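The values are calculated or read from the model by the stated rules, or taken from the named source; none is laboratory data. Note that the coordinates shown come from a computational prediction; the quantities given were computed from them, not determined experimentally. Here the Cβ positions follow ideal geometry from the backbone for every residue, glycine too, while neighbour counts run over all protein chains shown.
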Amino acid sequence: MFSKEESKKIRQEFWTNFGKRSSKKWMLYDTKIKEVNLKFHFDTKKAQVGFVIDANDELIKAFYFENFLSLKNLLKEEVSKELIFHDCFETESGKLIGFIYIELPNVCIHNKKTWDDVYLFFENTMPKFEAFFITYKDVIKG
């Protein structure tokens, strides 16, 4: 069991190492669509990579989620058949977002032995999400 401070330090170390290891500049928040971003996530149970749809207006969130759903077959073909679609995903802070993602289970940010697997997962998966977004941005925008 780690204290909050120890956990924070380990998390910072993971993300710092990932930044050093991966010299690529990821798209993440630079989608030019305010409500749609790409996200890396890693906690004590899993790692995730995916699209986040974050809008205060439920109609806007639903609009973008539907646009992604219209591309579902292409997404599964070009990114992964393992994609998970959640139109109402609850974040750790309790916020409800749309989340379309791939998950790597059974990894833990507190266990450095799993970090290499997560680094590879992130490095191999995010480029597929980015390429898909670039190709279908106009459809996603609506």
> With respect to Lys61, is the statement that it is buried (at least 17 other Cβ atoms within 10 Å of the Cβ) and assigned to a helix (DSSP H, G or I) true?
Replying inline: yes
>> I'd like to check something: does the range 24-36 contain any residue that is in contact with a Leu (Cβ under 8 Å, 6 or more places away or on another chain), in a helix (DSSP H, G or I) and not β-branched (Val, Ile, Thr)?
In response: no
>> I need the full set of residues from the range 41-56 which are surrounded by 18 or more Cβ atoms within 10 Å (Cβ to Cβ) and either over 16 Å from Leu83 (Cβ atoms) or over 10 Å from the mean Cα position of the chain (by Cα) (or both), in order please.
In response: Phe42, Ile53, Asp54
> If only one of Val118, Val52, Val107 is farther than 17 Å from Arg11 by Cα and at pLDDT 95 or above, which one is it?
Replying inline: Val52
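Which is in contact with a Ser or Thr (Cβ under 8 Å, 6 or more places away or on another chain), in contact (Cβ under 8 Å) with a residue 40 or more places away in the chain and among the basic types (Lys, Arg), of Lys137, Lys95?
Numbers: Lys95 fails: in contact with a Ser or Thr (Cβ under 8 Å, 6 or more places away or on another chain).
One residue alone meets the criteria, Lys137.
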> Going by the structure shown, is Phe68 without any contact (Cβ under 8 Å) to a residue 24 or more places away in the chain and either surrounded by 15 or more Cβ atoms within 10 Å (Cβ to Cβ) or outside any strand (DSSP E or B) (or both)?
Replying inline: no
>> Among (1) closer than 17 Å to Thr125 by Cα; (2) out of contact with any Lys or Arg (no Cβ under 9 Å at 6 or more places or on another chain); (3) not in a loop (DSSP other than H, G, I, E, B), there is one condition Asn17 misses while meeting the rest; what is its number?
In response: (1)
> What do you reckon, is Lys128 in contact with a strand residue (DSSP E or B) (Cβ under 9 Å, 6 or more places away or on another chain), in a helix (DSSP H, G or I) and in contact (Cβ under 8 Å) with a residue 40 or more places away in the chain?
Replying inline: yes
>> Among the residues of the range 107-116, what is the count of those that are assigned to a helix (DSSP H, G or I) and either exposed (fewer than 14 other Cβ atoms within 10 Å of the Cβ) or free of Cβ contacts under 8 Å to residues at least 60 places away in the same chain (or both)?
In response: 4
>> Suppose we keep only residues that are acidic (Asp, Glu) and crowded, with 16+ Cβ neighbours inside 10 Å within the range 77-104. Which one would you say is farthest from Ile10 (Cα to Cα)?
In response: Asp87
